[in-house]
Amino acid sequence: MRRTATAPAKINLFLHVGATGADGYHPLASLVAFADVGDRVSVEPAERLSLEVQGPFAAALADADDNLILRALRRLGEATGKGPPALRVVLDKQLPIAAGLGGGSSDAGAALRLAAPALGLEADHPALETAAAVVGADGPMCLHVRPAWAEGRGDRLTVETRLPDLPILLVNPGVPSPTGAVYRAYDAGPVRSADRPAPPGDWSPRGVADWVSRQRNDLEAPALSLAPAIGEALAEVAAGEGVLLTRMSGSGATVFGLYADDAAARAAAQALAARRPGWWVRAGRLKGAEANAQLSGDNPA
């Protein structure tokens, strides 16, 4: 039986980054949520583990054999002692590459969630967490796809149950923003602290947007210095009707706008897509804690 799941875009509502520690990693603090926009992953039993990549951004993944999905599933096989799971995996790549959306980690998380029942594993089996960690610090959060405060290297998670659904516009101007280069540019300038702010006093969409506006994305300035098109995207979203907040996600180059309602987000997407036909533009929702179960589930096909 074939099963499919969404690998949702990961959004950093804010991102506070500290100086590199003795372990070589930057400490950070962030509030992370997942959108109902993303890639699609499917798995079905097969004779051996394989991956097929399709979709509009498939060509950008030059080395499918080194894809994070395969790394995670191979690690799962090691952690369970069963060897690589005999699954055919198909990735429909709808998210841009090097876009600050955690796409590769989210793909791996979706594949692990789908592989669990195929291998007879419960959703909370510790091997899944072990396998998720192999793709990076954001692996565990992309396995669980729940709104969460992320601290440390991004692997110390505190689930946030108060975050509501937030209408959102996602825009990528079609330029890559490699994480490593952005962090190097950040290290070359003034380095901030990985402080975790007090949570919003008002958890309505307007209240959350107002609270996020008082936080930072410390990687935004260095990313802009490397990819000025990000600034164009920020300006375009900020100039649209009904936007409550405009911010870059993660290390870029995707920017987002928050809105009070879905109609405003959809109207902004339609208008911006008409002005910038070469850009990737999607309206959707960041899913709050109550609704987010649908992103972590899988559907038999």
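Going through (1) touching a strand residue (DSSP E or B) at 6+ places or on another chain (Cβ under 6 Å); (2) within 30 Å of ASP218 (Cβ to Cβ); (3) surrounded by fewer than 19 Cβ atoms within 10 Å (Cβ to Cβ); (4) of a type outside the set (S, T, N, Q) one by one, GLY38 falls short only on (3).
Residues ALA185, ALA194: which one is outside any loop (DSSP other than H, G, I, E, B) and crowded, with 16+ Cβ neighbours inside 10 Å? Please lay out each step first, then the result.
Working: ALA194 fails: outside any loop (DSSP other than H, G, I, E, B).
When all the criteria are applied, what remains is ALA185.
In segment 44-69, the residue that is farthest from LEU119 (Cα to Cα) out of those that are touching a helix residue (DSSP H, G or I) at 6+ places or on another chain (Cβ under 8 Å) and crowded, with 19+ Cβ neighbours inside 10 Å is VAL53.
May I ask you to verify whether ASP66 is of a type in the set (D, E, K, R) and without any contact (Cβ under 8 Å) to a residue 12 or more places away in the chain?
Details: of a type in the set (D, E, K, R): yes; without any contact (Cβ under 8 Å) to a residue 12 or more places away in the chain: yes.
Here the answer is yes, as ASP66 does meet what is asked.
Rundown of residues vs (1) part of a helix (DSSP H, G or I); (2) over 30 Å from THR161 (Cα atoms), yes/no style:
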position: ALA223; (1), (2): yes, yes
position: VAL237; (1), (2): yes, no
position: GLU241; (1), (2): no, no
position: ALA264; (1), (2): yes, no
position: ALA271; (1), (2): yes, yes
position: ARG282; (1), (2): no, no
position: ARG285; (1), (2): no, no
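Sub-7 Å Cβ pairs linking a first residue in segment 104-118 that is closer than 11 Å to GLU129 by Cα and in contact (Cβ under 8 Å) with a residue 60 or more places away in the chain to a second residue that is buried (at least 24 other Cβ atoms within 10 Å of the Cβ) and β-branched (Val, Ile, Thr), at least 6 apart or interchain, are GLY109/VAL145, ordered by first then second residue.
Any read-out appearing in this document is the output of simple, stated calculations on the displayed coordinates, not a laboratory observation. Just so we're clear, the structure is a prediction, and the values are computed from it rather than from any experiment. Every residue, glycine among them, receives a Cβ derived from its backbone with ideal geometry; neighbour counts consider all protein chains shown.
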